[in-house]
1. Mind checking segment 38-130 for trypsin sites (Lys or Arg not before Pro) that DSSP puts in a loop (not H, G, I, E or B) and that have at most 16 other Cβ atoms within 10 Å?
2. How big is segment 45-130 along each principal axis, measuring the range of its Cα positions in Å and listing the largest first?
3. Applying the Karplus parametrisation 6.51 cos²θ - 1.76 cosθ + 1.60 with θ = phi - 60° to the phi angles of segment 82-89, what ³J(HN,Hα) value in whole Hz is obtained for each residue in order, glycine and proline being reported as x?
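Values quoted throughout were computed directly from the atomic coordinates according to the rules given, and no laboratory measurement underlies them. Since this is a predicted model, take the numbers as computed values, not measurements. Here Cβ is always computed from backbone atoms with ideal geometry, including for glycine, and neighbour counts include all displayed protein chains.
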Amino acid sequence: MSPGRSCSTLAICRTAPLSPGDEPIGVGGADRRRHGFIGLGFAFSALAGTAKAGLRALRAAPEVLELSLVIVPLVFVPGLVGAALWGTHGFVVSTAVALAVYGLLSYVVLFRVAGHARQSGRPIPGHLSG
C-alpha cells in the first residue's frame with residue numbers, strides 16, 4: 001500500500017460518521033467556524049514554502065536553517081497555548097496566526113538575502129541581466 005493511500009484511508013476513517021445519525025467530524029456548526037482559519041493556515045504555510053524555495057534557489061542554506069530554527073517554536077508554542085486556553089478553536093486560530101507570521105518572516109528573509117545578492121553582484125537565478 002502506498003503512503004498516500006494509507007493517509008487518505010486514515011482521513012476517511014477519521015471523518016466517517018460513528019452511527020447513521022451522526023455527522024462526520026469537522027462538519028458540525030462549531031467545526032464549520034474553524035474551516036476558514038484552517039484554510040488560512042494552509043495558505044500562509046504555502047506562502048512561507050514559496051519564500052523558502054526562493055531562498056534555496058539563492059543558495060542561502062544558513063538563512064533557511066536559521067529561519068527553520070526560529071519558526072519551529074514560533075508555530076508550536078502558540079498552538080499549545082491556544083489549545084490549553086481555548087481548546088480546539090484556540091489551537092486553530094493561534095496556529096493560523098503563527099503561520100501568517102511565518103510567511104511574513106520568510107519573505108522578509110528572502111528579500112534581505114536577494115538584496116545582499118544583488119549588491120554583491122552575485123548572479124540571481126532566473127534574473128535576466130542586460
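1. Listed in order of number, the matching sites are Arg59.
2. So the three principal-axis extents are 55, 20, 15 Å.
3. Karplus values, whole Hz, x for Gly and Pro: x, 5, 5, 8, 10, x, 4, 4.
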